[in-house]
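Here's the structure we're looking at; comments come further down.
The values are calculated or read from the model by the stated rules, or taken from the named source; none is laboratory data. Remember, it's a predicted structure, so these values are computed and weren't measured experimentally. Cβ sites come from the backbone with ideal geometry, for glycine too, and all protein chains shown count toward neighbours. For the accessible areas, the whole protein counts, side chains as well, though only heavy atoms, and no ligand, DNA or RNA atoms are used. Shrake-Rupley method; radii C 1.70, N 1.55, O 1.52, S 1.80 Å.
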Amino acid sequence: MFATLSDRLTSTFKNLRTKGRLSEADIDATVREIRRALLDADVAVPVVREFTGKVRERALSAEVSGALNPAQQVVKIVNEELVGILGGETRTLRLAKNPPTVVLLAGLQGAGKTTLAGKLALHLKSQGHTPLLVAADLQRPNAVTQLQVVGERAGVPVFAPHPGNQGSDDVMPAGADPVAVARAGLETARARQHDVLIVDTAGRLGVDSELMAQAADIRDAVEPDEILFVIDAMIGQDAVTTAQAFADGVGFTGVVLSKLDGDARGGAALSVASVTGRPILYASTGEKLTDFEVFHPDRMASRILD
Ligand code: GDP
């Protein structure tokens, strides 16, 4: 991800290196190149506009510091502004004062929610937590089984409404509704002292008002401490409308970027925190359960400018 953007920004800065002093025209030309590079990477138009506006303003007013040459100053400004659009500080999962901490996952079908559920469960388990996964995606026929497979791989129990995990008592009768499953999952977590509950919900290919309402009902039933919106980083310019639809329909407290390993342009990754005002907590970088990282805006910005 970001290889092209990274190359283009780097060559833009390289052109500046030969200059002893930057004129307003030099800065404008640089900002234009940055704007084009970001737009070609599919970063949302309003985000690009704000970003380049700030970079221009700061570059024009930059004090000539003895330690940095003009090119380095521009790189520093771009780096700081990139950290800003990526959300600023690293934000970790907020844990409830009274466990279990309830985490609800929302997003389009195929965004990577179920995979993420397993990754997050494994990550939390490795930190000493005792998560329980809840299969409240009853829309897609395979979703429950898929979560069970993921749970098994992560070594984390799954509360599911199908007799797929016979031998366990973490089952509800088939045909149960997702809200009831989520509620029963929460009761189970309390009874068995799981300190984190991760609830997987259904998503459709497009934004769907019925499923949005269902996710909102699940939210009201389990009162999550965190609602994580999982978004495929390859979604391109649709990122903004999709994120906005989920913000309006369910609301969310944080974002997870999935498929950051893809070679697409990745503009969604660069737009979504800024557009929604919600921090990116995690990144999913492959199909394996260990392809998962806590998201650090500063490290991501450095990676892009590397
Ligand atoms: P859900 O419908 O939102 O639950 O999405 P899934 O978890 O089923 O993921 C959809 C597809 O994307 C599956 O084939 C996953 O293996 C794949 N997938 C999920 N996360 C990633 C990721 O970070 N990178 C890649 N390359 N594939 C992923």
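Out of curiosity, is Leu260 open to solvent by 10 Å² or more (accessible area, probe 1.4 Å), among the hydrophobic types (A, V, I, L, M, F, W, C), touching a Ser or Thr at 6+ places or on another chain (Cβ under 9 Å) and at pLDDT 90 or above?
Yes.
Hey, among the residues in the stretch 129-145 that are open to solvent by less than 60 Å² (accessible area, probe 1.4 Å) and modelled with pLDDT of 95 or more, which one's farthest from the ligand (Cβ to nearest atom)?
The extreme case among them is His129.
For residues that are among the polar types (S, T, N, Q) and assigned to a loop (DSSP other than H, G, I, E, B), scanning just the stretch 279-302, find the one that is nearest to Ala121 (Cα to Cα).
The extreme case among them is Thr290.
Output yes when any residue across the stretch 284-293 is away from the ligand (no atom under 12 Å from the Cβ), over 11 Å from the mean Cα position of the chain (by Cα) and under 21 Å from Leu93 (Cα atoms), and no when none is.
no
Could you name every one of the strands (runs of 3 or more DSSP E) located completely within the stretch 189-277 that has at least 1 residues being under 13 Å from the mean Cα position of the chain (by Cα)?
226-232, 254-258
For every residue, the table says whether it meets (1) touching a residue at least 24 places away in the same chain (Cβ under 8 Å); (2) buried (at least 21 other Cβ atoms within 10 Å of the Cβ).
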| site | (1), (2) |
| --- | --- |
| Leu9 | yes, yes |
| Arg17 | yes, no |
| Arg21 | yes, no |
| Leu38 | yes, yes |
| Ala44 | yes, yes |
| Val48 | no, yes |
| Phe51 | yes, yes |
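Would you mind finding the one in Asp248, Asp232, Asp217, Asp298 that is within 12 Å of the ligand (Cβ to nearest atom), open to solvent by 20 Å² or more (accessible area, probe 1.4 Å) and modelled with pLDDT of 90 or more?
Unique residue meeting the criteria: Asp232.
Restricting to the stretch 81-108, what's the tally of residues that are more than 16 Å from the ligand (Cβ to nearest atom) and within 13 Å of the chain's Cα centre (by Cα)?
6
Given (1) under 23 Å from Phe246 (Cα atoms); (2) hydrophobic (A, V, I, L, M, F, W, C); (3) assigned to a helix (DSSP H, G or I); (4) more than 16 Å from the ligand (Cβ to nearest atom), identify the lone condition not met by Val78.
(1)
From Gly20, Gly88, grab the single residue that is of a type in the set (Gly, Ala, Ser) and more than 30 Å from Pro224 (Cβ to Cβ).
On inspection, the qualifying residue turns out to be Gly20.
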